[in-house]
Amino acid sequence: MKSLSRFPLFCGTDTSSSVSNKILKKLLEAGKTKDRPYGEDNFTELATVQFKKIFKNKNLKIIPMISGTASNAFALSLMTDKNDYVICHKEAHILTSECGAPEFFNFGMKLIALSSNDGKLNASLINKYLQHNVDKNIVGISISQLSENGTNYTIENLKNIGAICKKHNLFFHMDGARFANALCSLRVKPDEMTWRLGVDCLTIGATKNGAFAAEAIIFFSNKKLCNYRFYQKRSGHIIAKTKFISSQFIAWFQDDLWLKLAKKSNNIAKLFKSYIEQNKNFEILFPIDGNEVFVKVKEQFYKKIKNKNIFPKLWSNTTNNYVILRFVFSFDFTKKDLKNLISRINDIKINY
């Protein structure tokens, strides 16, 4: 096992993963095919048909995108005007990690951050804020599924937030960077977790789950799409060879590949949880609803982990020389990799 410790174990983000062979094969096919540009190609046409079938919605509109940040920011900009406010969680990716991109795409729009201990918005929290801020032009609510703490919004959570949006005429946006992982965890269908509960717009990501670079904005209603092509081009996100994005989604959806890959990563996270529950050096912070595991460890122990060529993400520093780490398991993190990870951790000798 010593020889295996020479190679790094990347387990801090699922963007460190490889690309699924089936998606690579489809990309190669697109690369050998001449087709119309700017989303008029046959691959995008077929991908659109697949999206409509999977979400059981004939009226949805998809906009293929190259990155999750661009997807979130562009989607929010299409649904807001200047001086509009959008509610999100204080740990939401759109607020903390996207460098002000939503407000860059629509200068004058503001994000309102609400706080909770579990990384999720809830009906009570939103209602309380709306009641005490009637002077603000609040137009929408944005959530992340999975949340930034790796937990999922239950169907009841989503239903309640959707009801608030309907009552107050707010749009409902879902950042679905790990949408497939949440689906597998909740064991529901895509339509049951989105538009049937009032979600107006979903930004769905395949990049973290087997793709090379494939994101999409899904609008379940066309009311916000007036002249979107102009704004897409102005922001630099008209993709000339859209076929390379759309082809990945074709392979991703075929034979439920996207769900199979998500299940694999979720299962590895559960196995890792079973191990660290028995290791006194780790404190699990949140429920494991997907492929992410958040733990609290002593800073000294974290340094030993890095010395073993293990690379979780340093999420934050806490008091008393502790740190919070995020372990994320991608579709290609195998049981053999997990065995190697556990072996390296077990080899750590430390005296506090």
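Does Phe171 satisfy the criteria of being at pLDDT 95 or above, surrounded by 18 or more Cβ atoms within 10 Å (Cβ to Cβ), of a type outside the set (Lys, Arg) and within 28 Å of Tyr231 (Cα to Cα)? First the steps, then the outcome.
Details: at pLDDT 95 or above: yes; surrounded by 18 or more Cβ atoms within 10 Å (Cβ to Cβ): yes; of a type outside the set (Lys, Arg): yes; within 28 Å of Tyr231 (Cα to Cα): yes.
Answer is yes for this residue.
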**OP:** Return the only residue of Arg178, Arg229, Arg187 being without any contact (Cβ under 8 Å) to a residue 60 or more places away in the chain, on the phi < 0 side of the Ramachandran plot and among the charged types (D, E, K, R).
**Re:** Arg229
Subject >> segment 155-176, subset in a helix (DSSP H, G or I) and polar (S, T, N, Q), residue farthest from Gln131 (Cα to Cα) >> reply: Asn157
Original post:
Looking at segment 25-56, which of the residues that are on the phi > 0 side of the Ramachandran plot and within 25 Å of the chain's Cα centre (by Cα) is modelled with the lowest pLDDT?
Top reply: Gly39
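Here's the yes/no breakdown for (1) surrounded by fewer than 19 Cβ atoms within 10 Å (Cβ to Cβ); (2) within 30 Å of Asn21 (Cα to Cα):
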position: Leu146; (1), (2): no, yes
position: Thr154; (1), (2): yes, no
position: Lys159; (1), (2): yes, no
position: Gly162; (1), (2): no, no
position: Lys167; (1), (2): yes, no
position: Leu183; (1), (2): no, yes
position: Gly198; (1), (2): no, no
position: Phe219; (1), (2): no, yes
Original post:
Which one of the conditions (1) over 21 Å from Ile63 (Cβ atoms); (2) touching a residue at least 60 places away in the same chain (Cβ under 8 Å); (3) part of a helix (DSSP H, G or I) does Gly150 fail to meet, given that it meets all the rest?
Top reply: (3)
Original post:
When only residues in segment 64-100 that are within 16 Å of the chain's Cα centre (by Cα) and among the small types (Gly, Ala, Ser) count, which is surrounded by the most Cβ atoms within 10 Å (Cβ to Cβ)?
Top reply: Ala75
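Is it the case that segment 177-184 has a residue that's part of a loop (DSSP other than H, G, I, E, B) and closer than 30 Å to Leu325 by Cα?
Initially, segment 177-184 is screened for residues part of a loop (DSSP other than H, G, I, E, B), giving 177-178.
Narrowing the set further to residues that are closer than 30 Å to Leu325 by Cα leaves 177-178.
Yes.
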Subject >> In segment 1-34, the residues that are outside any helix (DSSP H, G or I), out of contact with any strand residue (DSSP E or B) (no Cβ under 8 Å at 6 or more places or on another chain) and of a type in the set (Val, Ile, Thr) >> reply: Val19, Thr33
Subject >> Of residues in segment 289-346 being in contact with an Asp or Glu (Cβ under 8 Å, 6 or more places away or on another chain) and not hydrophobic (A, V, I, L, M, F, W, C), the one surrounded by the most Cβ atoms within 10 Å (Cβ to Cβ) >> reply: Asn291
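Looking only at segment 209-258, count every residue that is among the hydroxyl-bearing types (Ser, Thr, Tyr), under 19 Å from Gly31 (Cα atoms) and in a loop (DSSP other than H, G, I, E, B) and tell me the total. Before you say what the answer is, go through the steps one by one.
Going residue by residue through segment 209-258, those that are among the hydroxyl-bearing types (Ser, Thr, Tyr) are 221, 228, 231, 235, 242, 246-247.
This time we only want the ones that are under 19 Å from Gly31 (Cα atoms), so: 242, 246-247.
Applying the additional criterion that residues be in a loop (DSSP other than H, G, I, E, B) yields 242.
So the count comes out to 1.
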Original post:
Is at least one residue of segment 271-289 closer than 21 Å to Leu183 by Cβ, of a type in the set (A, V, I, L, M, F, W, C), in a helix (DSSP H, G or I) and not assigned by TED's automatic domain parsing to the domain that holds Ala182?
Top reply: yes
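The values are calculated or read from the model by the stated rules, or taken from the named source; none is laboratory data. These figures come from a predicted structure and were not determined experimentally. A quick note on method: Cβ atoms are made from the backbone with ideal geometry, for glycine too, and the neighbour counts reach across all protein chains shown.
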